[in-house]
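The values are calculated or read from the model by the stated rules, or taken from the named source; none is laboratory data. As the structure is a prediction and not an experimental result, all values here were calculated from the model. Virtual Cβ from ideal backbone geometry, glycine too; neighbours counted across all protein chains shown. The protein model used for the area step is the full one, side chains on, heavy atoms only, and it has no ligands, DNA or RNA in it. Shrake-Rupley method; radii C 1.70, N 1.55, O 1.52, S 1.80 Å.
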Amino acid sequence: MKKLSTNEIRNIWLDFWAERGHNVEESASLIPNNDPTLLWINAGVAPLKKYFDGSVIPSNPRIVNAQKCIRTNDIENVGKTARHQTFFEMLGNFSIGDYFSKEAIEWGWEILTSDKYYGFDKDKLYITVYPTDTETWNHWLNVGVKESHLIKCEHNFWEIGSGPCGPDTEIFYDRGDAFGEEDISVMEHDIENDRYIEVWNIVLSQYNSKPGLKRNEYPELPSQNIDTGMGLERMACVIQDVPTNFETDLFIPTINVIEKLSGVKYTGQMSFKVIADHVRSVVFAVSDGAVLSNEGRGYVLRRLLRRAIKHGKQLGIKKPFLDDLVDVVVDTMGEFYKYLHESKPLVKKLIKIEEDKFLETLSQGEKRLDEMMKQTTENIISGVNAFTLYDTYGFPIELTEEIAEDAGFTIDKDGFLSEMEKQKERARSARKNTISMNTQNEELINFKEQDKFTGYDNLKQETTILRSFEEGVVLAETPFYAESGGQVSDKGIIKKGIEEFTILDVQKTPNGQFMHFIENHTLKTGDKVEAIVDEIVRTKTVYNHSATHLLFGALREIVGSHVSQQGSQVTSEYLRFDFNNFQNLDDEILLKVEAKVNEKINNSIKVGIGEFTIEEAKAQGAIAEFGEKYGATVRVINMNYTVDLCGGTHVSNTKDIGKFALASIESKGSGIYRIVGHASSAIENIRNQFVGFHKEMDKLLDKVDRMLKEGLENDIRLEFEFKRNDEIMGSYQDIINKRLEFAKLQEDVRELEKKYKELLKEKTFSDIDKYLEQAENGKIIIKTDNIDKGALKPLADRLLDKLGKGFVFIANVQSNKVTFIAKSNIDIHAGKIAKEAAIITGGNGGGRPDMAQAGGKDITKVDEALLKVKELVK
């Protein structure tokens, strides 16, 4: 077997499959695109699901990749086992309805055993096969695998819910006696061991899993697929003949730097492995646009960094050090992932900020945890205390568990989770419960005839129905834009003679044709029709789409080059743009961004639109749209200020946009922020942002009206003036002004309320002599109306002071409720008296012998309650 570097292993893989007609697909971002089922890309096939479920047909059915992945479901095993990592690379070759098991196995055996490639010793390879998959069994025999090296295993079947599934076959490498006794049954029973290492899994996706059916009853897929996964780190471990993945050339450079920083020699300690793994994950994740935060994937990164810091302390590293490791990670991985060099300054900055912040609270948190453990006698940290450590000191629960476990304590995890529920969702609840893989639509997959999009130049098209489906039609030529790249589909009609059919939506089919969705249509294949796009809607959409490109350029210029697109939607009414950043944008920055976009609009920049090879486009500095895949030829939108790959519809000159206004910004969690804006006449929609303000303003004004009315009833005259301003300038300044207007109204209402309470209190105390006149035998029992609650207790205090010795009872009716206040400095229990009155009026309450407060709901029984009080205090 050859001794190869990790880069050589990866390159051999990609080159081998490229020579056999596979498209080399770049690794997708670690942040999933439009897949709410995933927090991270966690498998090589994850970005390719749309091909496997048949929703999209790839331009080439043969694909090879080296995909970046993150898995954190078993983070506690990192460093404890030989092969657990949070970040890893998965090498994969894929066939979407092209070759199947025969070719996959023949080529697989070739790349593994040929001296031209990896050169594995054939006698050290073992293969597991699903028991009923005789075809795969025979293919392995045909390539020369000894039957004694083939093992039937029941667990060799890949299936996740309903959808594509099938048997798989795994390849193991025998590392010899140095790593354990000879016992091939560990592979049959899927027992973790260090001798027989799984290096490759080939999934033969050929069935459609359906609930209620047994496996042998699953129907076959219309398109059989190959999906394989080879862990790069495992391959490096085997090929470089080192004990664990952490001694490969992927980790040793980082571990060497940790040795220097700590002054500790590496001999396999867990802390070295945890630090080396976690910092690598954070470098890649932040470079791909993730941001450290307290939720979702941002919380995962924060947890990784804080675990690494904790393990650094265990090695004796007292000062911040993780940002020093970014350089060695980039040096190690940057030959293949060249973009890491560009993102390195930002990654170092964010890690340094996070580490400084955490170290400030870590010592305090550890001290607090130590105090908690000393104070408990049951060796259990309560859920409330664990949450306090999390919320106040930034301790991930896992870190608390580790420290507590070292001291012989356990955590009330259920109690902690209960406390977490009282706060907004964290990382583990960031996923949505949706179906992860669709089923294949055989009719659409087999529909191969291609249509032609003419909508860049025409909004009307005489054409024919290429194919009619129950849900809609595909036209031979269409001016309708199908939703893609964030731009929604066109609206309009299809005319056949005097009949008109409204287009509800336009979406791309698996083979890329444009499906025009029509409800209850009668159109047939071959019908001659006229397709007419709604020109007004299209034009407004164009303005918003071109403004989106300028907005992205302005964000990169003003906020920073680290800003990347995380999703978008462009309609005729608004544009919505999601981007990453480590903090929200304040009003000053937003106004600068808006002004920059309008500056570029007013500069009347001619928009260049052309098709280029992907290499030519990148040479122009073109930026790809989030989540989009591109062929050999791409469409480039060049506004001089920003150059982007985009298939959408655009203006020919930026002046056509007219004007741009930001409407709102909000956090979507995990360091992702969403901007909404409007272009051209759609700026009028900025008024929609006023709705929430106006509702709250109306509530405040209703409160003012009640105070003014109530004041008149109490002979108190109040004055209040407010005039709402609904004029707009067509700028984010409108939102700021409306926010300031709302804030001023809030303040004015608070002042009015304060003034009213003071006047009401003055009036209340001015009537004190009247109340004293009602005293009988040192007892005052009175009924009042609309006295502010805050004045009741002071009034009772004043009356009791005037009495010297006695009992005071006040029943105050306000807003269809009654409040009882009782004060006593004689042998009458105020609490018991107040409770009796409350019960009569359908309420509750009570208090101490000297002071009590209660309430009632039925004001019709207040007089009855007062009679009862007088009776009780005779």
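The one condition from (1) open to solvent by 40 Å² or more (accessible area, probe 1.4 Å); (2) over 24 Å from W158 (Cα atoms) that H84 does not meet is (2).
Residues in segment 104-142 that are open to solvent by 20 Å² or more (accessible area, probe 1.4 Å) and touching a Cys at 6+ places or on another chain (Cβ under 9 Å): 2 in all. Looking across segment 785-811, the residues that are closer than 17 Å to L759 by Cβ and open to solvent by less than 20 Å² (accessible area, probe 1.4 Å) come down to I787, A791, L792, L795. From the set of residues in segment 454-481 that are of a type in the set (A, V, I, L, M, F, W, C) and either modelled with pLDDT under 95 or assigned to a strand (DSSP E or B) (or both), which is nearest to E443 (Cα to Cα)? Applying the filter and picking the extreme gives F469. Take the conditions under 42 Å from the mean Cα position of the chain (by Cα) and in a helix (DSSP H, G or I) and apply them to L740. Does it pass? For L740, the condition - under 42 Å from the mean Cα position of the chain (by Cα) and in a helix (DSSP H, G or I) - is met.
Screening V749 on (1) farther than 23 Å from L795 by Cα; (2) open to solvent by 40 Å² or more (accessible area, probe 1.4 Å); (3) in a helix (DSSP H, G or I) shows it passes everything except condition (2).
When segment 229-254 is filtered for residues that are outside any helix (DSSP H, G or I) and either in contact with a helix residue (DSSP H, G or I) (Cβ under 6 Å, 6 or more places away or on another chain) or closer than 30 Å to G163 by Cβ (or both), the ones remaining, listed by number, are G229, M230, G231, T248, D249, L250, F251.
Which members of segment 706-737 meet the condition of being open to solvent by 90 Å² or more (accessible area, probe 1.4 Å) and more than 43 Å from the chain's Cα centre (by Cα)?
If the condition is that a residue be open to solvent by 90 Å² or more (accessible area, probe 1.4 Å) and more than 43 Å from the chain's Cα centre (by Cα), then R706, K709, L712, E713, D715, R717, E719, E721 are the ones that fit.
For the structure I just gave you, tell me whether P320 is closer than 21 Å to G560 by Cβ and surrounded by fewer than 24 Cβ atoms within 10 Å (Cβ to Cβ). No; evaluated as a whole, the condition is false for this residue. In segment 383-409, the residue that is least open to solvent (accessible area, probe 1.4 Å) out of those that are hydroxyl-bearing (S, T, Y) and modelled with pLDDT of 80 or more is T400. Listed by position, the strands (runs of 3 or more DSSP E) inside segment 640-700 whose residues that are in contact with a strand residue (DSSP E or B) (Cβ under 7 Å, 6 or more places away or on another chain), among the basic types (K, R) and surrounded by fewer than 17 Cβ atoms within 10 Å (Cβ to Cβ) number at least 1 are 660-669. Would you point out the residue of segment 20-64, among those that are open to solvent by less than 30 Å² (accessible area, probe 1.4 Å) and modelled with pLDDT of 95 or more, that is farthest from the chain's Cα centre (by Cα)? My answer is H22.
Tell me whether segment 10-19 contains one or more residues that are at pLDDT 90 or above, among the polar types (S, T, N, Q) and open to solvent by 50 Å² or more (accessible area, probe 1.4 Å).
yes
Restricting attention to segment 229-251, the residues that are surrounded by fewer than 18 Cβ atoms within 10 Å (Cβ to Cβ) and among the hydrophobic types (A, V, I, L, M, F, W, C) add up to 1. Just to be sure, is V634 free of Cβ contacts under 8 Å to residues at least 24 places away in the same chain and either touching a Gly at 6+ places or on another chain (Cβ under 9 Å) or part of a strand (DSSP E or B) (or both)? Answer is yes for this residue.
Note on segment 477-494: residues that are more than 19 Å from R576 (Cα to Cα), surrounded by fewer than 23 Cβ atoms within 10 Å (Cβ to Cβ) and hydroxyl-bearing (S, T, Y) amount to 0. Applying the set (1) within 30 Å of A811 (Cα to Cα); (2) at pLDDT 85 or above; (3) out of contact with any Leu (no Cβ under 9 Å at 6 or more places or on another chain) to D734 leaves exactly one unmet item: (1). S55: part of a loop (DSSP other than H, G, I, E, B) and either closer than 21 Å to C165 by Cα or of a type in the set (A, V, I, L, M) (or both), yes or no? Considered against the rule, which asks whether it is part of a loop (DSSP other than H, G, I, E, B) and either closer than 21 Å to C165 by Cα or of a type in the set (A, V, I, L, M) (or both), S55 comes out as yes.
Selection of segment 779-794 for residues being under 56 Å from the mean Cα position of the chain (by Cα), over 19 Å from H829 (Cα atoms) and of a type in the set (D, E, K, R) yields D785, D788, K789.
Being open to solvent by 50 Å² or more (accessible area, probe 1.4 Å) and out of contact with any Asp or Glu (no Cβ under 8 Å at 6 or more places or on another chain) is the filter here; which residues of segment 754-784 pass it? If the condition is that a residue be open to solvent by 50 Å² or more (accessible area, probe 1.4 Å) and out of contact with any Asp or Glu (no Cβ under 8 Å at 6 or more places or on another chain), then K754, K755, E758, L759, E762, S766, D769, K770, E773, Q774, E776, N777 are the ones that fit. Which residues, taken from segment 174-228, are aromatic (F, W, Y), open to solvent by 50 Å² or more (accessible area, probe 1.4 Å) and not in a strand (DSSP E or B)? Within segment 174-228, F179 is the sole residue that qualifies.
In segment 453-465, the residues that are of a type in the set (D, E, K, R) reach residues that are outside any strand (DSSP E or B) with C-beta atoms within less than 7 angstrom, at least six apart or across chains, in these pairs: K460/P479.
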